[in-house]
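For reference, the structure is listed below as C-alpha cells.
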Amino acid sequence: MGRGAEDYVIVAEGLRKRYDGVEALRGVSFRVRRGEVFGLLGPNGAGKTTTVGILVTLVKPSGGRAVVAGHDVAREPWEVRKRIGVVFQEPTVDRDLTAWQNLYVHGRIYGLPRRVIEERSRELMELVGLEKAMHRPLRSYSGGMIRRFEIARALLTEPMVLFMDEPTVGLDPQARAKVWEVIEELKKRGVTVFLTTHYMEEAERLCDHIAIIDHGRIIAEGSPEELKSMVGGDTLYLVAETRLDAEKLLRIASGYGEARIAEDGRVVVLVARDAPRLLPRILEEARAVGARIVETRYVRPTLNDVFLMLTGRSLRDEEGGWRDWARLHLHARRG
Amino acid sequence: MEAGGKGAAVAEPSWLAAFAAMALRQLLRFKAAKSRVINSLVFPLIWLVFFGLGWSAAFNFLGPMSRSLFGGLTYLQFLAPGIVIMTVFMAGFGSGLGLIWDREFGYFKEILVAPAPRSALLLGRIAGDSLAALLQGLIMAVLVTVLAGWPGVWGLLAGLAAAYVATLTSAGLGALIALSMRSPEGFQLVINLVILPMLFISGAFYPIDPLPAWLKALAYINPLYYAVDLARGVMYGVYSTPPLLDALGLALVTAGALGLAVAKFSRTYIA
Ligand SMILES: Nc1ncnc2c1ncn2[C@@H]1O[C@H](COP(=O)(O)OP(=O)(O)OP(=O)(O)O)[C@@H](O)[C@H]1O
Ligand SMILES: [Mg+2]
C-alpha cells in the first residue's frame, strides 16, 4: 500500500517554534493527503496558529521542516505561496473596498488575467452564497459573510491546499452552519483542506483525519472513528420486554463485550466497539432465540472524551465562550 | 474549481501586475475616504494663512528691503513652494501609517502571504499613495499660487514634479519606520519627532543661508531642503543650491529610503 511522498500535500517533520520564552511548538509532525480534510484540533494556545503560520511561510520555524505543495517552506516560500490559499484566524480583507475590488486586487497580485478573475469570482461567490453582495463594500458584511468571502478569495487561484485557521470561531450557529456547508461542498469537489479548530463538533463533522494538539505537541492522530475508539468503545442499552428476555439477551451480549443487567432487571448494558455495526447482529441473534427487545439505544464517545482521557482536561471548557466572540468582534470593529 | 488536482496550472505572478494592483488598491481606498483629502489640506492651509499671511504683513511693513532676505521674492512667494512640498511630504508619511493600519486590521497578512515580489507590493502601494498625494499637492499648489503669484504652467508642473519626488521620499521613510514599529502610537511618536525638525530646517519657512554652520549641515542631509529649494527654483527662479545638486540630493535620499524600505519589507515575517 506504499504511498509516494507525492500523495502528501503537506509533510511536517518535528516543527518547533520558540517565541522569546514561550515554547509554542515542541516537535510537531504530521502528513496531509491529497483530497482530504485534515483538522488540527486543540484548545486555546495549543499552537494551532503557529503551525499554520509556519506552513504558509509567514512564521520562521526554530526547528524541523515542512514541505507544502511539493516545496520546502523555508527554502522556497515563493513556490509555496503560489500554490496555497489561506484564510487566517482574524479577517484580512480591505473593508473599504467591495468584494469585487478585493477579489480583483487579489487575483492580479497572484498573476491571474482579469477575464479569469471575473469568471471564477462569479462562480466562487455563488459557491459561498454571496453572489448578490459582490459589489457591496465589505464594511457592510457580517462576520459570517466575511468568513465566506475569505474562503472564496482564497480559492480564486485554485490552490493545491486551502488553509483555514479556526474558520468558524466567534460566529453564531447559523453563520457557522453556512461555513460548514461551504467546507462540505469543497470536500465533495476534492479540495485539500487543512483547518484548525477548537470545536470538536466541527472537527468531527468535517474532517477525514484529525491531529489533536496540546501544549505544542500532537498527542493523538487518526480518523474521528479511530480516535474515538481509543476511549474503549460505545455503550449499548438494550431494553428487553421481560426479565426472562433480558437474561437471554445478556448471554448474547456477553459474546461481544462486557455486559451486565441494570436497573429494574430488563435493561442490558453492553460496552463494545463499533455499536452501529454490532447492533443489527445482536438483534438478529435475539430474534433467533426469541428474546423480545422493546428499545435500543447507544452512546458513542466524543472527541472530548478522547481529549479528557489524554490530558485529564476537557476541551468543552474551552469552547465557544464569550472570549471567542469578543476576539472576533472587537477586531472587526476596529476594521 | 478542481483544486488539489494533479499538477494544476499554477499562475505566475508578474511584477508589473502586482505593482499596478497594489497602486489601484491604494487609489480605491483614497477614493473611499474623501475626508482624508480635506484633512491633509487643512494643516498646510492653516500654516499658509496664519503663518504666511501674518509674516507677509510684517515683512511688508519693513518695506522692499525685506525682499533681499528672500532672494527678491515676496515672503508669500518664498513660502508657497514650501507649503506645497509640506502638503505632499506629510501625505507621503500617511502611506507609512497605512501600513500600520493594515497590520492592525489584518490586510497586511493578505499581502505578506502573496507570491508576488515584495518590491512590487511595496512600491506599488507607494506609487498609489503618492499619486493620491500628488492630487492633494496640485490642489494646494493652485491655492497658494493664486495667493502668492502665478509661476506659469511649466513652473507649476515642474514644482509638482519636485513635490512628487518628495512624496516618494517620505513614503519610503514612512514605510521604513512603520515596518520597524509595533504600534500606531509608536509610529505617530517617531513621525512627530522626525517631521517637525525636517520641516523647520528645510528652508521652507525661512532661508537657511544665515543659519549657523551646524544647522546648515543638518539641512544638507535633509531631503526636504533639496525638494523645497528645487521647487522654489523652478517656480520662482530663486535657488540657494544649484538645481542639479538639489535634484541629485533629492534623488539619492529618495532612492536610499525606498531601497531600505523594500529591503526591510522583503525580510518581514509575522514571527
Ligand atoms: N508572536 C508571539 N509572541 C509570543 N508568544 C506567542 C506569539 N504567538 C503565539 N504565542 C504563544 O504561543 C503559544 C501558541 O500560540 P498559538 O497562537 O499558536 O495558539 P493557538 O492554538 O492558535 O491558540 P488560539 O486558539 O488562541 O488561536 C501561546 O502560548 C501563545 O501565547
Ligand atoms: Mg490560533
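Cα convex hull of the protein assembly as shown: mean projected area in nm², to one decimal?
The number I arrive at for the protein assembly as shown is 34.3 nm².
Name the long-range amide H neighbours of A:H209: under 5 Å, sequence gap of 5 or more, or other chain; modelled H, no Pro or chain starts.
Excluding prolines and chain starts, which carry no amide H, the hits are A:V37, A:G39.
Cut-off 10 angstrom, C-alpha nodes, Gaussian network model of chain B. Which of B:G172, B:G82, B:G149 fluctuates the most?
Judging by the Gaussian network model, the answer is B:G149.
With a Cα-only, solvent-free Debye model of chain A, what are the log10 I(q)/I(0) values at q = 0.08, 0.12, 0.14 Å⁻¹?
-0.48, -0.88, -1.08
How much FRET efficiency would the formula 1/(1 + (r/R0)^6) give for A:S223 and A:M134, where r is the Cβ-Cβ distance and R0 is 30 Å, rounded to 0.05?
Values: r = 38 Å, r/R0 = 1.27.
Efficiency, rounded to the nearest 0.05: 0.20.
Treating each Cα of region B:169-227 as an identical point scatterer and ignoring solvent, apply the Debye formula and state log10 I(q)/I(0) at q = 0.12, 0.17, 0.23, 0.26 Å⁻¹.
Each listed q maps to, in turn, -0.34, -0.61, -0.89, -1.01.
With N set to the residue count of region B:63-125, report its C-alpha Rg divided by 2.2 N^0.38 Å to two decimal places. Before the final figure, lay out the partial values.
On the way: Rg = 20.6 Å, N = 63, 2.2 N^0.38 = 10.6 Å.
Against the compact-globule rule of thumb, the ratio is 1.94.
Mind checking the mean number of beta-carbon atoms from other chains within 10 Å of the Cβ atoms in A:48-55?
1
Suppose each label sits 7 Å from its Cα in the direction of the beta carbon; what would the A:R115-B:L196 distance come out to in nanometres?
5.8 nm
State the volume of the convex hull built on the alpha-carbon positions of chain B, expressed per residue in Å³ and rounded to an integer. If you can, show how the numbers build up before the last one.
Details: hull volume 39.5 nm³, N = 271.
Taking the convex hull of the Cα positions in chain B, it is 146 Å³ per residue.
Just to be sure I understand: with springs between alpha-carbon atoms less than 10 Å apart, which residue in B:L160, B:L258, B:L24 has the highest mean-square fluctuation in the Gaussian network model of chain B?
The residue with the greatest mean-square fluctuation here is B:L24.
When chain A is treated as a GNM, springs tying every alpha-carbon pair under 10 Å, which of A:A286, A:A24, A:A12 comes out with the largest mean-square fluctuation?
With Cα springs under 10 Å in chain A, the top fluctuation among A:A286, A:A24, A:A12 is at A:A286.
When the dipole is taken about the Cα centre of region A:5-227, and only Lys, Arg (+1) and Asp, Glu (-1) are charged at their Cβ, what size is it in debye, to the nearest 20?
The calculated dipole for region A:5-227 is roughly 740 debye.
Region A:63-118: which trypsin sites (Lys or Arg not before Pro) are DSSP loop and have at most 14 other beta-carbon atoms within 10 angstrom?
Filter output for region A:63-118: A:R75.
Using the heavy atoms of the protein chains and a 1.4 angstrom probe, tell me the accessible area per residue for region A:5-227 in square angstrom. The partial results should precede the final answer.
Values: 7870 Å² over 223 residues.
Roughly 35 Å² per residue, with all protein chains present.
If R0 is 45 Å, what FRET efficiency do you get for B:K31 and A:S314 from their C-beta distance, rounded to 0.05?
Numbers: r = 51 Å, r/R0 = 1.13.
Efficiency computed from Cβ-Cβ geometry: 0.30.
Tell me which of A:I146, A:G312, A:V269 sits at the most positive position along the dipole axis of chain A, charges placed on C-beta atoms (Lys, Arg +1; Asp, Glu -1).
A:I146
In debye, nearest 20: dipole of region A:188-278 around its Cα centre with unit charges on the Cβ of K, R (+) and D, E (-)? Could you put the intermediate results ahead of the total?
Numbers: 12 positive and 16 negative charges, 43 e Å.
Here the size comes out at about 200 debye.
Quick one: if you stick a label point 7 Å off each Cα along the C-beta vector at A:W180 and B:A9, how many nm between them?
3.8 nm
Just in region B:1-92: which trypsin sites (Lys or Arg not before Pro) are loop by DSSP and have at most 14 other Cβ atoms within 10 Å?
Details: sites: B:K6, B:R25, B:R29, B:K31, B:K34, B:R36, B:R67; in loops: B:K6.
Passing both the DSSP loop test and the Cβ count: B:K6.
Based on the Kirkwood radius over alpha-carbon pairs, what value in µm²/s does the Stokes-Einstein equation return for the translational diffusion coefficient of region A:1-74 at 25 °C and 0.890 mPa s? Walk me through the numbers on the way to the answer.
On the way: Rh = 12.8 Å.
It comes out at roughly 192 µm²/s.
Between A:V269 and A:S254, how many nm apart are label points set 7 Å from Cα along the C-beta direction?
Rounded to a tenth, the inter-label distance reads 1.8 nm.
Let me spell out the model: positive unit charges on the Cβ of Lys and Arg, negative unit charges on the Cβ of Asp and Glu, origin at the Cα centre of the protein assembly as shown. What dipole size does that give, in debye rounded to 20? Before the final figure, lay out each step's value.
Details: 69 positive and 59 negative charges, 180 e Å.
Computed about the Cα centre, the dipole is about 860 debye.
The values are calculated or read from the model by the stated rules, or taken from the named source; none is laboratory data. None of the values given here were measured: they were computed from a predicted structure. All Cβ positions, even for glycine, are placed from backbone atoms using ideal geometry, and neighbour counts span all protein chains on display. Side chains included, ligands, DNA and RNA excluded: accessible areas come from the protein's heavy atoms. Shrake-Rupley method; radii C 1.70, N 1.55, O 1.52, S 1.80 Å.
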